[in-house]
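The values are calculated or read from the model by the stated rules, or taken from the named source; none is laboratory data. Remember, predicted model here, so these are calculated numbers, not experimental data. Backbone-built Cβ (ideal geometry, glycine too); neighbour counts: all protein chains shown.
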Amino acid sequence: MSSPGDDHLPVRVLLRPIGTPLPLGLAGLAIAALVASGLDLGWVPARETAQVGLVLLAVPTVLQLLASIFSYLSRDGAAGTGFGVLASSWLAQGLIHVASPRGLSATLGLLLLIVAGVLWLTAITLVQAKLVPALAVTLAATHFAL
């Protein structure tokens with residue numbers, strides 16, 4: 001409110017609403033989980049490990065990075081953290097598969113265990129507000145741990 005004699009114009013703040021990034025992030029999770037599990041279960045031949053790595057670099061990393069950024073922009077720190085951790089883990093897994101397509105390594109195993117722990121903590125935070133994403137993150141964490 002301006003008082004008489006005050007020459008300042010009133011300040012207006014306009015917020016542009018953005019759509020929820022959760023479907024984009026969960027789509028990236030579904031794509032990555034299916035491709036990675038296909039390799040682990042033998043649905044994809046071991047000779048195609050480098051191709052699996054390229055898919056992990058190209059698709060889920062990008063989708064989940066975007067979902068992480070837009071989650072933070074929409075003030076959802078838990079989803080932003082979860083999708084950011086997932087994006088970076090798919091990036092690391094993709095690079096490992098491309099660089100050494102001989103199968104699993106101790107480094108990759110340690111990475112997956114750490115990511116699982118971070119995702120379980122994120123799921124605990126998410127469950128208070130978003131049950132379905134919390135369930136998806138819990139399943140992803142369990143997948144990484146196993």
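Points to keep in mind about this one:
- The C-beta contact set for the range 28-46 (first residue without any contact (Cβ under 8 Å) to a residue 12 or more places away in the chain and closer than 15 Å to His97 by Cβ, second residue surrounded by 14 or more Cβ atoms within 10 Å (Cβ to Cβ) and polar (S, T, N, Q), distance under 9 angstrom, 6+ apart or interchain) comprises Val44/Gln51.
- Among the residues here, Val44 does not qualify as surrounded by 14 or more Cβ atoms within 10 Å (Cβ to Cβ) and under 23 Å from Val137 (Cα atoms).
- Residue that is of a type outside the set (Lys, Arg) and either modelled with pLDDT under 90 or over 15 Å from the mean Cα position of the chain (by Cα) (or both), where the choices are Val11, Val62: Val11
- Flag for Leu113 being at pLDDT 90 or above, hydrophobic (A, V, I, L, M, F, W, C) and not in a loop (DSSP other than H, G, I, E, B): yes
- Looking only at the range 49-86, and only at residues there that are of a type in the set (Phe, Trp, Tyr) and buried (at least 20 other Cβ atoms within 10 Å of the Cβ), the one that is farthest from Ser100 (Cα to Cα): Phe70
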